[in-house]
1. Going by what's in this entry, would Asp204 be described as open to solvent by less than 20 Å² (accessible area, probe 1.4 Å), among the acidic types (Asp, Glu) and over 21 Å from the mean Cα position of the chain (by Cα)?
2. Taking the range 221-234 only, how many residues are open to solvent by 20 Å² or more (accessible area, probe 1.4 Å) and modelled with pLDDT of 95 or more?
3. What number of residues within the range 1-45 are in contact (Cβ under 8 Å) with a residue 12 or more places away in the chain, closer than 19 Å to Ser82 by Cα and open to solvent by 80 Å² or more (accessible area, probe 1.4 Å)?
4. Given the condition under 20 Å from Pro314 (Cα atoms) and hydroxyl-bearing (Ser, Thr, Tyr), answer yes or no: does some residue in the range 238-258 qualify?
5. Give me a count of the residues in the range 289-336 that are among the β-branched types (Val, Ile, Thr) and surrounded by fewer than 17 Cβ atoms within 10 Å (Cβ to Cβ).
6. Go through the range 52-67 and count every residue that is in contact with a Gly (Cβ under 9 Å, 6 or more places away or on another chain), open to solvent by 50 Å² or more (accessible area, probe 1.4 Å) and under 21 Å from Lys27 (Cβ atoms).
7. Select from the range 23-57 the residues that are part of a strand (DSSP E or B), over 21 Å from Asp352 (Cβ atoms) and among the charged types (D, E, K, R) and list them in ascending order.
8. Inside the range 360-392, can you point out the residues that are at pLDDT 95 or above, of a type in the set (Ser, Thr, Tyr) and open to solvent by less than 40 Å² (accessible area, probe 1.4 Å)?
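The values are calculated or read from the model by the stated rules, or taken from the named source; none is laboratory data. All values reported here derive from a predicted model rather than from experimental measurement. Methodologically, a virtual Cβ is constructed for each residue, glycine included, from the backbone with ideal geometry; neighbour enumeration extends over all protein chains shown. Each accessible area value is taken on the protein alone, full model and side chains, heavy atoms only, with ligands, DNA and RNA left out. Shrake-Rupley method; radii C 1.70, N 1.55, O 1.52, S 1.80 Å.
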Amino acid sequence: MSARIYLQSDWAHNLRKAEGEAWISCKIPGKPTIYGTLKCESVGPDGIPDITSSEEFSVLEVTKKSLHISCPAENVSSRFLSPYTGFSRVHQKSVTCLDVSCGGGLGVSTSTDGSMKIWQTNNGETRRVLEGHIYDVNCCMFFPSGMVVLSGGMDAQVKIWSVEDASCPVTFRGHKAGILDLAVVDRGRNVVSCSRDGTARLWDCGKSACLAVVADCGVAVNGISIGVADNAIDLGKPETTPSDREVGTEGKLLLLAREDKKLEAVSLQSRQSVFTFDGADAFNCCTFLSSVNVLGGSQDGKIYQLDVRNTKVPVQTVSKSGAPVLSLAPFREGFIASQGDGTCFILQQDLDHIVELTDPDCDPVYKVALSDKLAYTCCRDGIIRKYQLADL
């Protein structure tokens, strides 16, 4: 990715009032940055502002919540999307992780204020407070049912919670250091966790037991993702017959984002390494786009797309800034990514422009969760933001 357009973080507020202005720039590697301004000439009866730009840029489309801008000299354009709404009272401090239930009605999130809460996505009202971890909770997610939550904390414990009454019937112990990420296998009879202790473990939810150490990397595993492997991939055979408590691991790959600059895939059932890709910096997160395409996001701002059938050379490498890539998620025919400089963007194959989810002012966006036509982000500034993606 070459040229990139930047827009003032509070553009939506400034450009909704007559005579309001916002700055815009286009940064091109190896060339001087192009600077310009946007101005609201008036606001129509429908609430849509009439926005003009300085001559370096062109305004392509304006709606109540979005602004499509191009820089003709560099043949680049971006659509900037402001939040539909924001929830600032769910937590008192930075929101470090979040997820949304399958039905879209509930959210779960963790914070540096030490809390983990379940809340309503329509208004941000707290429904349950999940208490039981010692120290901070690093990660949380819903099971496919939407009625159970999985969490992992700095106390090296993985816990399962009831959404209905906030009880914690299951706690997994076995990791030697803080939990960094989680994944659910199929419907949730088994789950996987990864830790600063360098391991990824497979757990049996029914028996509260560790079934296997799937990977032992010797360095922190920052992120994991489970996907169905393409038939062309040799997953190997298990050395011993899997336990009958192991459900849904056959044909699955476990992707590992490692601190030692490696993105690795391991056969979830055979525990054998399928490939290891060397990046230029630590990998923070990873995800599957399909059975053959995966993504890894690194500390130096690079997003690598790999074809698992041949990982020697990336399919593409995306780099919008040097800020750490903190989360990745598949979205339609592309993906959504968030970074440590407040950047959160959508890249789609069928779009000739990037979609930027705006509002955070240089504060890291730690996680993005998708539900139907909505995106939710959590940020260091303590605000959970909700974006409407229906019109993209």
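1. Values: open to solvent by less than 20 Å² (accessible area, probe 1.4 Å): yes; among the acidic types (Asp, Glu): yes; over 21 Å from the mean Cα position of the chain (by Cα): yes.
Spelling it out, Asp204 is indeed open to solvent by less than 20 Å² (accessible area, probe 1.4 Å), among the acidic types (Asp, Glu) and over 21 Å from the mean Cα position of the chain (by Cα).
2. Qualifying residue count, the range 221-234: 3.
3. 4
4. There is no residue in the range 238-258 that is under 20 Å from Pro314 (Cα atoms) and hydroxyl-bearing (Ser, Thr, Tyr).
5. 3
6. Pass one, the range 52-67, residues in contact with a Gly (Cβ under 9 Å, 6 or more places away or on another chain): 53-57, 64.
If we keep only those that are open to solvent by 50 Å² or more (accessible area, probe 1.4 Å) as well, we get 55-56, 64.
Pick out the ones that are also under 21 Å from Lys27 (Cβ atoms) and you get 55-56.
The number of residues fulfilling the criteria is 2.
7. Matches in the range 23-57: Lys39, Glu41, Asp50.
8. Tyr376, Thr377, Tyr387
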